[in-house]
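> Dropping a structure here in structure tokens format, bear with me for questions.
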Amino acid sequence: MKSSSDYINESVYKVNQKYARLQNKTEELFFECLYDDRPVEYFIKKLDEIWGNIDHSFFNEQIDEYIEIIHENNLEQLNIQEDEEQSSKGLKLGSKAMSLIALEVIIANEDKFKNFITKRYERYSNSPQYKEDKQEYLKLKVAQYNNQIVPYFNKYGKKIRDVQLSTYVAMVHNTNLTRSAWNTTINDGLRLGYTKFWIPPHLFSCEHCAEWQGRILDEKEVLDFVNDADEHEGDILHPNCKCALLIYTPMTKLTKQIFTKGEIDKYYNIRKKMNTLTLKKERILTDMRIQKRMGNEDEVDKLNQQRNKVNTQIRVLQDSLPTKEMQKKVVAINR
């Protein structure tokens, strides 16, 4: 069978990386324009060149490809062969159990990001400190720059924190991939006469998911699992879940999680930290280029020390994983 967990891990990380790089390009443009005393109209024009040509078809293409993988895996598991017409009909039926988050939500937050950065540019360029000592003002502002613009809430509506646009888009993509896969499996199962499902344990699972893994579930229990999440952002329920849902048959051999709750939580957090640190390295390199362009070699040296520290942290985290397989997978995700 094709590995669905590897597919979703890599696809979601690539989306996160893609948007993080757009944010980094925006930051470089932001300080370059300020350093060159560019008017806000010029900055807006250049900003649109970065964000105005995003090919959003990638999201639906990835979802369609993932659905095909899940459908093929389901048929292979059941040892069923369908011709192309039958298989296509099965996919088109589509369970409506879990709706997907509309692409317009991502586009709206892209616009929100551009407006936010534009207002920041106006504020900085009109600052008395900027006009008095541009060099020193911008030198300090590079370290203060951030992309946290999207509020993140728990299921009770309480705001937890603001997240970067890249993080938010990755969560939306993760949610849509996971829901599409589960809808496909539920649809395939019910269409072929199977009403039971199960979630196999997987590497880097979170503690919440682990409680549901290795159990026989009906459709209602599957939906209970999806909705029983500790955090959500708007319509994003359990946005980091990468569990696969499989059809249960009398021939199925259930497997259990081999790690303890404490170990599950530890390894899940290690992967999250490695993802964060890998993206942080790119942000540090962006700041280094900005400071170097402005002639602030002392700041470049400090940032280089930060980068070396991040590399060390990544190696320590990787080495703390208990198996070679986990060490290899966590690096593959971050490549």
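Just so it is clear, none of the values below were taken in a lab; they were calculated from the coordinates. It should be emphasised that the depicted structure is a prediction, and the values quoted were computed from it without experimental measurement. With ideal geometry, Cβ positions are generated from the backbone for all residues, glycine too; neighbour counts draw on all protein chains shown.
> Compute a Gaussian network model of the chain, connecting alpha carbons closer than 10 Å, and tell me which residue from LYS18, LYS280, LYS302 fluctuates the most.
LYS302
> In debye to the nearest 20, how big a dipole does region 4-259 give about its Cα centre with +1 on each Lys and Arg Cβ and -1 on each Asp and Glu Cβ?
820 debye
> Over the chain, with a Gaussian network built from C-alpha contacts below 10 Å, which listed residue (PRO322, PRO250, PRO128) shows the highest mean-square fluctuation?
PRO250
> Residue separation times 0.36 nm, minus the C-alpha to C-alpha distance between GLU72 and LYS266: what's the value?
Result: 66.5 nm gained on full extension.
> Using the basic label-point model (7 angstrom from Cα toward the beta carbon), what is the LYS220 to GLU297 distance in nanometres?
7.2 nm
> Separate question: Can you tell me the orientation of helix 84-93 relative to the chain, as the angle in degrees between its alpha-carbon axis and the longest Cα principal axis, to the nearest 10?
Between the helix axis and the principal axis of the chain, the angle is about 70 degrees.
> With each label point set 7 Å from Cα along the Cα-Cβ vector, what nm distance links ARG191 and GLN144?
5.7 nm
> Shifting gears a bit: With n ≥ 4 as the cut-off for DSSP H runs, can you work out [θ] at 222 nm for the chain, using -39500 (n - 2.57) per run divided by the number of residues, rounded to the nearest 500?
Estimated from H runs of four or more residues: -22000 deg cm²/dmol.
> What aspartates and glutamates could a cross-link reach from LYS14, if we take a straight Cα to Cα line under 15 Å and drop same-chain neighbours fewer than 8 places away?
Counting by Cα, and skipping residues close in sequence, LYS14 has these aspartates and glutamates nearby: ASP6, ASP55, GLU61, GLU282.
> Between THR178, THR26, THR249, where does the largest GNM mean-square fluctuation fall for the chain, given springs only between Cα atoms within less than 10 Å?
Checking each option, the largest mean-square fluctuation is seen for THR249.
> Sequence neighbours fewer than 8 away in the same chain don't count; with that in mind, list the lysines whose C-alpha is under 22 Å from LYS292.
LYS25, LYS46, LYS131, LYS134, LYS139, LYS141, LYS280, LYS281, LYS302, LYS309
> Using +1 at the C-beta of Lys and Arg and -1 at the C-beta of Asp and Glu, which of PHE259, ASN187, LEU177 has the Cα lying farthest in the positive direction of the dipole of the chain?
The residue sitting most towards the positive pole is PHE259.
> Which value, to two decimals, describes the C-alpha radius of gyration of the chain once divided by 2.2 N^0.38 Å?
1.14
> Tabulate in residue order the Karplus-calculated ³J(HN,Hα) for region 307-314, using 6.51 cos²θ - 1.76 cosθ + 1.60 with θ = phi - 60°, rounded to whole Hz; enter x for Gly and Pro.
Karplus-based 3J(HN,Hα) across region 307-314 equals 4, 4, 5, 5, 4, 5, 4, 4 Hz.
> While we're looking at this one, here's another question. Collect residues whose amide H, placed 1.01 Å from N in the peptide plane, falls under 5 Å from the amide H of LYS196; neighbours closer than 5 in sequence don't count.
Those lying under 5 Å, H to H, from LYS196 are TYR248.
> Relative to the longest principal axis of the C-alpha atoms of the chain, give the angle of the C-alpha long axis of helix 103-125, reported between 0 and 90° and rounded to the nearest 10°.
Long axis of 103-125 versus the principal axis of the chain: about 10 degrees.
> Right, next: Using only Cα atoms and rounding to the nearest 10 degrees, what angle (0 to 90) does helix 40-51 make with the longest principal axis of the chain?
Tilt of helix 40-51: around 30 degrees.
> May I pose another question? Over region 4-259, calculate the relative contact order: mean separation of alpha carbon pairs under 8 Å at least 6 apart, over the residue count, as a percent.
Relative contact order for region 4-259 comes out at 25 percent.
> Whole Å is fine, so just give me how far the alpha carbon centre of region 264-335 lies from that of region 129-169.
Region 264-335 and region 129-169 have Cα centres spaced 20 Å from each other.
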